[in-house]
Amino acid sequence: MKRAGSITAQAFVHECRGTSRTFGRKKIAIVFRGNMVGVDGDKIIYPSLDMAAELDEFQWAVSRGYIDHATGRLRHSDLDQLRRYNQQANKAKCPLKRDIAASIEDPRIERLVMQDYKGASGNLSAVTSAVCRTLKEQVEESDQQTPWYQWLPATLTAMGRKLNGIDNNREIDQFLAAVKQQMTNDHYQMCEAWAARIGGLESTEAALTLADEIFDAIVHFEEYGEDDPPESPENNPALDRRASEVGKKQGHSCDVSVALKAVIGEHLKGEKTIYRAWSTEFDTWSNRRSGDNIGEILRQPKLREQYQQVLSETAGQINALRRKLERSLAAKRDIRWAGGALQGRLDNRRLVNAYNGDEDVFTVRREDTDIATAVSVLVDLSTSMVKENKGHLAMLATIALAEALEKTDVSYEILGFCTNRDDDCNHEMKVAVRQYQREHPDEFSFSGKLNYSRYEPINMVEFKGYHDNLNKCRASMAAIDQLPYKCYVGNCDGESLLLAYDRLRVRQEPRKVLMVLSDGAPHIRACKVEAPPHLGEHLKQVVSEIEADGVETLGIGIVDDSVQDYYPNHVVVNDVDSLISTALDQVARILLGKTL
């Protein structure tokens, strides 16, 4: 049972996907990959979580604070300039310079993030609390011999965040009180003066200029104290030696990445995994407008002719179903006449008012319906659909559904799903997995434990979107029985349902229905081992959570009864006759609340 105030990792992933779409206009995406944390190009990388995990309120806030911080880095930092600066610092064996630069840039961009996004202040306060909690422990355990300037980066960031408005934070105050004991009053006051300047910095370049100034001031102070340096040539060997000595020290920093991993670490061990994808980074969406190989298939000229052939073969049954739906929808409409209108049909009950010159003496027809419904149809495109003509049967079912729904008030979309597409995305993911495996061999132990459930990309196909005209999408749907032949090996049902649900749940219609056409249990190839048995458990969990959110589900088994193990509402289709007489009747029952 979910704890009060907690959020499931699954719900957090949903939120991040929505955030990715929001940021999409700014070319920023959130992806999940292994145990990695960081920023890569236009991507924010977050560690992959077990979908069954629960994040408490603090873990959730820290996670969102990390994303807010990373978003600010991508939007407001000159990453190329930062990279060059860090490379120069590393080449000069001067990590302290790099740490000081980060300690200034972090609060600078976070101030801008807090201006950009409501709620960012609370999230950044949470991640700051996590960082300062750890830093305070490090201060208390540290040797008094630790040079004061090693604490300077963390101190500057904490002070900068406090000045940004995160000023009611106990952990910041406790850390600053502890670090103050490690510094002289002069040192601490220097930090306060430098931190006060961060709020006025308008660019990364200005932040790096201040970092250079601070580093030079530290070197000067360590060499001469408060005294002025003796007159000397421009090249001062004493200062150069002192700069080398100071610069090689590693500074303590308020690293939000470290804080995040410390806070959610319990969910990264893979010991109680229900479902954990290695990465979502390489997952793709395709449609008839895509430039990939799926787009090419969906645009084949011959498909429109094939669609018409299917339509002519099943026209009688489809028309019968459509008429049933239309009659039932009409019966559910509430048709009434509302009075008091300025135009329309004259209201016989207000003839006297009309004679006296009143204008609001007309009635107008009002037509309401309680079937404002959105439907998502999700079709399994895995290789197993090739057997026993399952793909063709799934195509017939999908076409029948689309044609029957088209002239009703129901909004609908048609999607497909599979894994391991034979293209560049799959190749890129394989290369990334191999590299990650070399760098993190401990996470790839296959002796009874599997840290990750999926190592291949999910490929979602949009045959028809909610706003698409069916006439333009008919040819695409005729390709449903062709795609399983194109080396699309697996079907990761649970995660694919979530991707369809992400689109369905934002619809405005009060009733929502998710229909899945599949021929068996979830199956994907894990790295070097067979598909984990918990894929089925994850699908059950997903269906349960989707239905708990008020969405009705229907599993349509294509020549297979496995759907009964996962979907409370289910029906099995073995041939065209059962498709029309049983499956579509079940669809109508769900849409209308009765058997036709």
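Taking the range 186-209 as the search range and keeping residues that are part of a helix (DSSP H, G or I) and over 17 Å from residue 158 (Cα atoms), which one is most open to solvent (accessible area, probe 1.4 Å)? Can you show your working first?
First, the residues of the range 186-209 that are part of a helix (DSSP H, G or I): 186-198, 204-209.
Imposing the further condition that a residue be over 17 Å from residue 158 (Cα atoms) reduces the set to 186, 204-206, 208-209.
Working: 186: 67, 204: 5, 205: 113, 206: 32, 208: 13, 209: 84 Å².
For the range 186-209, the residue satisfying everything is 205.
Kindly indicate whether any position in the range 50-59 is in a helix (DSSP H, G or I) and buried (at least 22 other Cβ atoms within 10 Å of the Cβ). The answer is yes; a qualifying residue exists.
Restricting 313, 266, 326, 281 to those that are closer than 25 Å to residue 498 by Cα, charged (D, E, K, R), open to solvent by 20 Å² or more (accessible area, probe 1.4 Å) and at pLDDT below 85 reduces the list to 266. Within the range 454-470, can one find any residue that is in a helix (DSSP H, G or I) and more than 13 Å from residue 382 (Cβ to Cβ)? So far as the range 454-470 goes, yes, one or more of its residues are in a helix (DSSP H, G or I) and more than 13 Å from residue 382 (Cβ to Cβ). In the range 496-510, the residues that are more than 16 Å from residue 11 (Cβ to Cβ) form Cβ pairs under 7 Å with partners that are open to solvent by less than 20 Å² (accessible area, probe 1.4 Å) and among the aromatic types (Phe, Trp, Tyr), at six or more places apart or across chains, as follows: 496/417. Kindly evaluate residue 183 against the criterion of being part of a loop (DSSP other than H, G, I, E, B) and either of a type in the set (S, T, N, Q) or open to solvent by less than 30 Å² (accessible area, probe 1.4 Å) (or both). In short, yes. Screening the range 68-175 for helices (runs of 4 or more DSSP H) wholly inside it with 1 or more residues that are among the hydroxyl-bearing types (Ser, Thr, Tyr) and open to solvent by 50 Å² or more (accessible area, probe 1.4 Å) returns the ranges 120-141. Screening residue 44 with (1) in a helix (DSSP H, G or I); (2) free of Cβ contacts under 8 Å to residues at least 40 places away in the same chain gives one miss only, at (1).
Say whether the condition of being of a type in the set (Phe, Trp, Tyr), open to solvent by less than 20 Å² (accessible area, probe 1.4 Å) and either closer than 19 Å to residue 492 by Cα or at pLDDT below 75 (or both) is met by at least one residue in the range 553-573.
yes
For the range 287-307, a residue qualifies if it is under 17 Å from residue 395 (Cβ atoms) and either free of Cβ contacts under 8 Å to residues at least 40 places away in the same chain or among the aromatic types (Phe, Trp, Tyr) (or both), and the qualifying residues are 302, 305, 307. Of the residues in the range 33-45, at least one is closer than 20 Å to residue 255 by Cβ, of a type outside the set (D, E, K, R), surrounded by 17 or more Cβ atoms within 10 Å (Cβ to Cβ) and in contact with a Phe, Trp or Tyr (Cβ under 6 Å, 6 or more places away or on another chain).
Which members of the range 390-403 meet the condition of being β-branched (Val, Ile, Thr) and open to solvent by 10 Å² or more (accessible area, probe 1.4 Å)?
Here is the first cut: in the range 390-403, the ones β-branched (Val, Ile, Thr) are 398-399.
Hits for the range 390-403: nothing passes.
Checking the condition open to solvent by 50 Å² or more (accessible area, probe 1.4 Å), closer than 26 Å to residue 577 by Cα, modelled with pLDDT under 80 and not β-branched (Val, Ile, Thr), which residue from 407, 387 passes? The match here is 407.
If we keep just the residues of the range 506-543 that are among the basic types (Lys, Arg) and modelled with pLDDT of 90 or more, which is least open to solvent (accessible area, probe 1.4 Å)?
So the first thing to find is which residues in the range 506-543 are among the basic types (Lys, Arg), and the list is 507, 511-512, 525, 528, 540.
Checking the rest, the ones that are also modelled with pLDDT of 90 or more come to 507, 512, 540.
Details: 507: 46, 512: 29, 540: 84 Å².
Filtering the range 506-543 for residues that are among the basic types (Lys, Arg) and modelled with pLDDT of 90 or more, the one least open to solvent (accessible area, probe 1.4 Å) comes out as 512.
The values are calculated or read from the model by the stated rules, or taken from the named source; none is laboratory data. These numbers come from a predicted model, not from an experiment. A quick note on method: Cβ atoms are made from the backbone with ideal geometry, for glycine too, and the neighbour counts reach across all protein chains shown. Quick note on the areas: whole protein, heavy atoms, side chains included, nothing else; ligands and nucleic acids left out. Shrake-Rupley method; radii C 1.70, N 1.55, O 1.52, S 1.80 Å.
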